[in-house]
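The values are calculated or read from the model by the stated rules, or taken from the named source; none is laboratory data. From a predicted model like this one, the values you see are computed outputs, not experimental measurements. Cβ sites come from the backbone with ideal geometry, for glycine too, and all protein chains shown count toward neighbours.
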Amino acid sequence: MAAEAAVAATEEAKTIAALIERSRKAQAQIENYTQEQVDELITAMVWAVAQQDVAEKIAQFTVEETQLGNYEGKYLKIFKKTRAALFDIINDKSVGVIAEDKERNIVKIAKPVGVIGALTPCTNPEATPVIKSISAVKGRNSIIIAPHPRSKLTNKMICDLMREALKACGAPEDLVISIDSPSMELTGELMKQCDRILATGGAPMVKSAYSSGTPALGVGAGNAVITVDDSANLDEAAEKIRISKTLDLAASCSSDNAVIAFESIKDELLEKLVAQGGYICNEEEKAKLQGIIWEDGHIASRIVAQPATVLAEMAGIEMADDRTFLIVPETGAGPAHPFSGEKMSVVMAFYTVKDIDGAIALTNEIQAYQGQGHSCGIYSYNDDHILKFAFATKTSRVMVNQPQAPSNSGNVWNGMRQTFSLGCGSWGGNATNNNITWEDLINVTWISKPLAVNKELPADEVLFASAIAKQK
């Protein structure tokens with residue numbers, strides 16, 4: 001058995017090595033492309049998938065293959081999100097001198113990393129390959145994409161379209177390569193042999209990326225917690241919470257997993273959430289729902305990104321067909337309160353607190369269990385609350401008065417970088433906590449010239465004044 005495994009491993013290593021060789025040859029051909037040539041490529045890549053009829057086809061195909069999410073959510077991602085991602089980077093300088101610091105006499109030159117190994121999840125398989133690919137090519141890299149087996153045909157369709165677009169521009173198709181028959185072993189080999197890993201997916205995948213020996217950019221677990229304070233516009237808050245909670249049936253890791261409401265507005269907010277399509281579960285229904293969502297401590301795959309009516313039927317809950325998300329009253333956080341964690345479904349925990357201090361403490365408690373470092377939201381028109389919340393929560397992104405899921409990864413109504421790869425910093429066990437884009441997929445050479453006038457160190461009594469004063 002050991003010998004057979006060794007042979008199989010060798011074959012998988014050879015398979016990936018062949019793809020890496022093709023990818024390197026393609027990358028070498030664009031290493032000296034101009035900014036105009038690079039931008040022509042990424043524009044063509046997005047146009048190839050984002051034309052209306054093509055986007056409609058991809059959205060429908062993705063739902064049929066994965067049985068996750070819904071057509072409307074998939075279409076928005078492939079049609080609008082890819083456009084927005086292109087628009088976000090198209091005017092960025094990514095070739096040659098990209099920055100100059102005259103005060104320090106420093107010049108920065110962008111250079112490609114090489115071959116990017118990208119891991120993509122089945123929950124967002126439509127736009128993720130596109131956004132990762134244009135980020136790679138923007139930095140004059142090539143990319144090899146390893147999809148989740150559940151979305152391998154979607155990935156191939158999208159990659160083939162981008163390859164055709166590259167060829168039409170006179171560039172090598174192999175700037176984008178899809179692993180068409182993915183496996184854990186092939187993905188493992190890709191991570192070992194590429195130059196940089198860009199991993200989006202579950203915790204085991206990201207952990208594997210970080211332990212591969214290759215420099216890796218991974219993302220942490222999502223579990224967005226949303227606070228609604230006493231200054232919020234409750235109609236606005238309820239509508240945007242619904243938009244975020246139901247987008248692509250909560251396939252996004254940025255979906256509103258918990259809402260924390262101030263006591264003073266709790267009842268009114270619940271009424272408005274119900275008016276938006278929410279269904280409030282009682283204790284018996286909560287127990288039934290818990291029984292179908294988790295199996296052996298893990299989220300059951302059958303409930304991920306499914307309609308509320310399907311979840312209700314699975315759980316034996318009698319609920320009107322017009323309900324689009326479920327609200328579960330909760331009081332605690334941690335393993336004993338599973339609804340405080342990520343649910344990957346249109347199910348939302350609902351908490352009540354007295355004030356902003358209570359909201360901060362509860363947010364940190366919930367995310368210490370799951371989702372620390374990822375993102376939070378707050379509906380508020382009290383700047384003191386907003387700033388206090390942002391200062392005190394261990395989070396990389398705080399969305400203010402915005403639907404969380406389509407906002408923290410960047411959108412046309414905010415200035416966040418457009419991506420589907422959200423670093424969570426040291427809080428989430430990640431190397432970065434920014435919205436990952438092309439800037440993370442380049443090397444930078446620093447040119448340092450002597451200063452016109454040397455810096456002069458101040459006298460010790462000036463430099464160490466505070467330390468000296470304490471000794472007296």
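Things to note:
- Taken together, the residues in segment 310-342 that are under 26 Å from the mean Cα position of the chain (by Cα) and polar (S, T, N, Q) amount to 2.
- Only one of the listed residues (220, 170) is modelled with pLDDT under 85 and under 22 Å from residue 131 (Cα atoms). That residue is 220.
- A residue that is on the phi > 0 side of the Ramachandran plot, more than 22 Å from the chain's Cα centre (by Cα) and not basic (Lys, Arg) occurs nowhere in segment 201-210.
- Annotation: of all residues in segment 89-134 being in contact with a Gly (Cβ under 6 Å, 6 or more places away or on another chain) and outside any loop (DSSP other than H, G, I, E, B), the one that is surrounded by the most Cβ atoms within 10 Å (Cβ to Cβ) is 119.
- Within segment 243-300, being assigned to a helix (DSSP H, G or I), touching a Gly at 6+ places or on another chain (Cβ under 6 Å) and touching a residue at least 60 places away in the same chain (Cβ under 8 Å) holds for 247, 248, 249.
- Restricted to segment 343-377, and to residues there that are in a strand (DSSP E or B) and within 22 Å of the chain's Cα centre (by Cα), the residue that is nearest to residue 312 (Cα to Cα) is 347.
- Members of segment 158-183 found to be in a helix (DSSP H, G or I), over 22 Å from the mean Cα position of the chain (by Cα) and in contact (Cβ under 8 Å) with a residue 60 or more places away in the chain, listed by number: 161, 164, 165, 166, 168, 173, 174, 175
- So residue 401, is it over 22 Å from residue 245 (Cβ atoms), polar (S, T, N, Q), in contact with a strand residue (DSSP E or B) (Cβ under 7 Å, 6 or more places away or on another chain) and outside the structural domain of residue 208 (by TED's automatic domain parsing): no
- Here residue 345 does not qualify as in contact with a Gly (Cβ under 9 Å, 6 or more places away or on another chain), surrounded by 24 or more Cβ atoms within 10 Å (Cβ to Cβ), touching a residue at least 40 places away in the same chain (Cβ under 8 Å) and among the hydroxyl-bearing types (Ser, Thr, Tyr).
- Looking only at residues of segment 267-303 that are under 22 Å from residue 341 (Cβ atoms) and among the charged types (D, E, K, R), we find that the one that is surrounded by the most Cβ atoms within 10 Å (Cβ to Cβ) is 286.
- The single residue among 48, 26 that is part of a helix (DSSP H, G or I), in contact with a strand residue (DSSP E or B) (Cβ under 6 Å, 6 or more places away or on another chain) and of a type in the set (A, V, I, L, M) turns out to be 26.
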